[in-house]
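First, the structure itself, so that you have it in front of you.
The values are calculated or read from the model by the stated rules, or taken from the named source; none is laboratory data. Every value quoted in this text rests on a predicted model; they were computed, and no experiment measured them. Note that we place each Cβ from the backbone using ideal geometry, even for glycine, and neighbour counts take in every protein chain shown.
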Amino acid sequence: MPRPLQFLGRQLLDLLLGVLVTVAIFLVVEGALRIAGHGGAEVRAPRHLAAGFDKNARIFEPDTEVEGGWRSRFSHAQSKELAIRPKGDATRVLLFGGSNTAGFPARVLQDELNAKNQGKYEVVNLGRAGYGSTRVAILFREAIEVLEPDLVVLYSGHNEFVEKSFAMDLEAAWDNALVARLAGLLESTVTGRLLTEALREEPDDTGAYSRLDQWEAEYQKFEQVPSEQTAAVWDAYEENLRYMCALAGEHGVPLLLCAPVWNRFSAPRIDTPHEGVDEAAISAGRKLLVRARKKYPAQLKALLPEKDKDRVHIFDFGRKNTTRTDGSREEPLPGLRPSVGWLEAQIPGFERHRHWEPKVRAWYQALAWLHGERSEAEAQALEAAKNLLGQTAKELPTSAIVTYELGLVRYALGERGPDVTQLFWRAAELDRAPRKANPSSNARVLAVAADFDTVTLHDSDARFVEGSADGLVGWEWMVDHCHISSGAGKMLMQDFANVLVTLGRTKH
């Protein structure tokens with residue numbers, strides 16, 4: 001046999017031997033894991049991008065220790081699972097939604113309901129961080145069947161593009177059919193599932209990734225999303241709401257449907273594609289925007305960070321081992337405007353946090369500047385920026401960022417009224433991939449609520465507009481773009497209780 005062929009034959013033989021040894025080791029490990037009790041029905045599929053999307057998966061299983069009770073199966077972390085007692089005489093209220101709902105003080109709502117109705121209510125919070133209406137609907141369907149609720153509350157609308165991002169990742173992951181088959185085969189084994197779970201990086205309890213710079217890539221996915229795709233996401237959102245409202249009606253369960261609260265002063269994360277604008281206008285608009293930004297005072301620039309890691313997020317208020325504040329109620333945060341109406345003299349809840357990221361205090365100092373007085377030099381610079389942004393908006397009329405910054409500059413100049421308010425609303429509407437509710441999504445909520453006799457609307461956003469200075473919901477009651485403060489959560493629970501008591505009496 002020629003020498004090259006002999007060499008090739010040896011290489012193939014070595015390769016085959018290596019494969020056989022690897023398979024043998026795998027089988028030994030697999031067998032050992034099963035003998036050790038990790039196999040069979042006791043092994044649960046690991047969490048991954050598709051978690052919560054499987055319509056055939058069972059989220060609740062009978063509680064083996066309590067007859068008639070149920071236990072959730074959201075994840076491997078048993079401490080995060082729910083143990084739901086058997087249905088008794090109390091009126092059972094289920095809460096559905098994303099991280100805002102998960103953070104609702106359910107005990108406050110339950111106590112309020114019981115105080116108004118002599119102790120006959122129980123509240124079960126099924127809010128899940130990161131869940132948008134698609135996964136909420138899957139959870140809703142099973143929960144309404146097995147948990148026998150008497151009333152349900154649905155507060156969802158901030159996470160539609162979070163779920164859209166997951167769907168994009170799933171689609172990319174499964175594009176390669178061979179890879180999909182191999183991955184499916186691997187996860188059908190105990191060894192594969194344990195390895196997948198060990199190596200996978202998961203969002204933490206706040207819904208954020210362990211490295212904030214990963215969020216930059218998250219937003220970049222949507223840089224070229226056309227307006228019709230954004231509308232399609234909101235269409236799906238409305239369809240999911242209608243499905244849940246209809247399902248509640250079929251089961252005879254009154255539903256409280258909420259229009260979520262969103263922060264007007266939270267800037268869009270990415271700019272929008274400039275559809276229908278020629279390249280010359282786009283180039284001219286971008287140059288004008290650069291010139292306008294050079295005029296911004298330093299404190300205004302601090303409110304417009306380029307990187308997401310420099311923005312304030314809900315988890316920045318609660319991390320350990322960072323710069324401490326005194327946390328006293330006697331020293332209110334700078335930058336908070338006085339609330340009005342029903343929110344006047346209420347406590348937002350920020351003062352209770354004692355471990356903050358250093359950027360939080362700097363952020364609120366910048367807000368204090370925004371809501372305060374301008375020096376003559378600052379006013380002149382802002383006027384120049386306003387004029388340049390006005391020209392920019394003519395060149396780029398569908399730019400979410402330009403619209404928002406024009407509104408912010410005019411607000412910093414002390415301008416108030418419908419024209420300025422509309423700029424913040426318009427900027428939110430133009431955002432092609434918002435990570436918060438906005439006028440478009442909340443309009444869907446109102447339309448759905450009007451079409452179902454078994455649905456009662458709670459326009460939570462409108463309620464906070466009533467209590468916010470200038471009608472602009474801001475950082476007084478929000479800890480980031482979409483999450484309300486602890487004080488705001490308590491106020492909502494009191495509001496919900498007033499409505500739910502009436503609905504409960506109507507049902508019975």
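Taking the range 314-371, which residues are among the aromatic types (Phe, Trp, Tyr) and at pLDDT 85 or above?
Of everything in the range 314-371, those that are among the aromatic types (Phe, Trp, Tyr) and at pLDDT 85 or above turn out to be TRP342, TRP363, TYR364, TRP369.
Quick check on the range 142-166: of everything there that is among the aromatic types (Phe, Trp, Tyr) and modelled with pLDDT under 95, which residue is farthest from LYS436 (Cα to Cα)?
So, considering only residues that are among the aromatic types (Phe, Trp, Tyr) and modelled with pLDDT under 95, the one farthest from LYS436 (Cα to Cα) is PHE166.
Give the range 219-264 a look and list any residue that's among the polar types (S, T, N, Q), outside any loop (DSSP other than H, G, I, E, B) and touching a residue at least 60 places away in the same chain (Cβ under 8 Å), or say none.
Once the filter is applied, which keeps residues that are among the polar types (S, T, N, Q), outside any loop (DSSP other than H, G, I, E, B) and touching a residue at least 60 places away in the same chain (Cβ under 8 Å), the range 219-264 yields SER227, GLN229, THR230, ASN240.
Restricting the search to the range 478-496, which residues are part of a loop (DSSP other than H, G, I, E, B) and among the small types (Gly, Ala, Ser)?
Listed by number, the list holds a single entry, SER485.
Taking the options ALA292, ALA267, name whichever one is in a loop (DSSP other than H, G, I, E, B) and under 16 Å from THR403 (Cβ atoms).
ALA267
Being hydroxyl-bearing (Ser, Thr, Tyr) and either in contact with a Cys (Cβ under 9 Å, 6 or more places away or on another chain) or more than 19 Å from THR101 (Cα to Cα) (or both), is that true of even one residue in the range 425-444?
yes
In the range 459-477, is there at least one residue being of a type in the set (Ser, Thr, Tyr), within 23 Å of the chain's Cα centre (by Cα) and not in a loop (DSSP other than H, G, I, E, B)?
Yes: one or more hits.
Of the residues PHE464, PHE452, only one is in contact with a Cys (Cβ under 6 Å, 6 or more places away or on another chain), modelled with pLDDT of 95 or more and either surrounded by fewer than 23 Cβ atoms within 10 Å (Cβ to Cβ) or farther than 18 Å from LEU500 by Cα (or both); which?
It is PHE452.
Which ones in the range 88-123 are on the phi > 0 side of the Ramachandran plot and out of contact with any Phe, Trp or Tyr (no Cβ under 9 Å at 6 or more places or on another chain)?
If the condition is that a residue be on the phi > 0 side of the Ramachandran plot and out of contact with any Phe, Trp or Tyr (no Cβ under 9 Å at 6 or more places or on another chain), then GLN118, GLY119 are the ones that fit.
Cβ-Cβ under 6 Å, sequence separation 6+ or interchain: first residue in the range 132-150 and within 16 Å of TYR237 (Cβ to Cβ), partner surrounded by fewer than 19 Cβ atoms within 10 Å (Cβ to Cβ) and at pLDDT 95 or above. Which pairs?
Once the first residue is within 16 Å of TYR237 (Cβ to Cβ) and sits in the range 132-150, its partners that are surrounded by fewer than 19 Cβ atoms within 10 Å (Cβ to Cβ) and at pLDDT 95 or above give ALA137/TYR243.
Also: For the structure I just gave you, tell me whether GLU405 is in contact (Cβ under 8 Å) with a residue 60 or more places away in the chain, under 15 Å from LEU289 (Cβ atoms) and out of contact with any strand residue (DSSP E or B) (no Cβ under 8 Å at 6 or more places or on another chain).
yes
Oh, and also: Given the structure, is PRO397 part of a loop (DSSP other than H, G, I, E, B) and surrounded by 24 or more Cβ atoms within 10 Å (Cβ to Cβ)?
No; evaluated as a whole, the condition is false for this residue.
Another question, then. Report, by residue number, each residue of the range 420-475 that is among the acidic types (Asp, Glu) and within 21 Å of THR398 (Cα to Cα).
Scanning the range 420-475 gives GLU429, ASP431.
Still on this structure, please answer the following. Can you name the residue in the range 478-498 that is over 18 Å from the mean Cα position of the chain (by Cα) and polar (S, T, N, Q) and, of all such residues, is surrounded by the fewest Cβ atoms within 10 Å (Cβ to Cβ)?
Top of the filtered list is ASN498.
Could I ask something else about it? In this structure, does ASP470 turn out to be under 26 Å from MET244 (Cβ atoms) and either outside the structural domain of PRO348 (by TED's automatic domain parsing) or out of contact with any Leu (no Cβ under 8 Å at 6 or more places or on another chain) (or both)?
For ASP470, the condition - under 26 Å from MET244 (Cβ atoms) and either outside the structural domain of PRO348 (by TED's automatic domain parsing) or out of contact with any Leu (no Cβ under 8 Å at 6 or more places or on another chain) (or both) - is not met.
Then there is this: Which one is surrounded by the most Cβ atoms within 10 Å (Cβ to Cβ), of the residues in the range 93-143 that are in contact with a His (Cβ under 8 Å, 6 or more places away or on another chain) and part of a helix (DSSP H, G or I)?
Looking at the filtered set, the residue picked out is ASN100.
Within the range 413-431, can you find the residues that are of a type in the set (Lys, Arg) and either farther than 23 Å from HIS274 by Cβ or buried (at least 23 other Cβ atoms within 10 Å of the Cβ) (or both)?
ARG416
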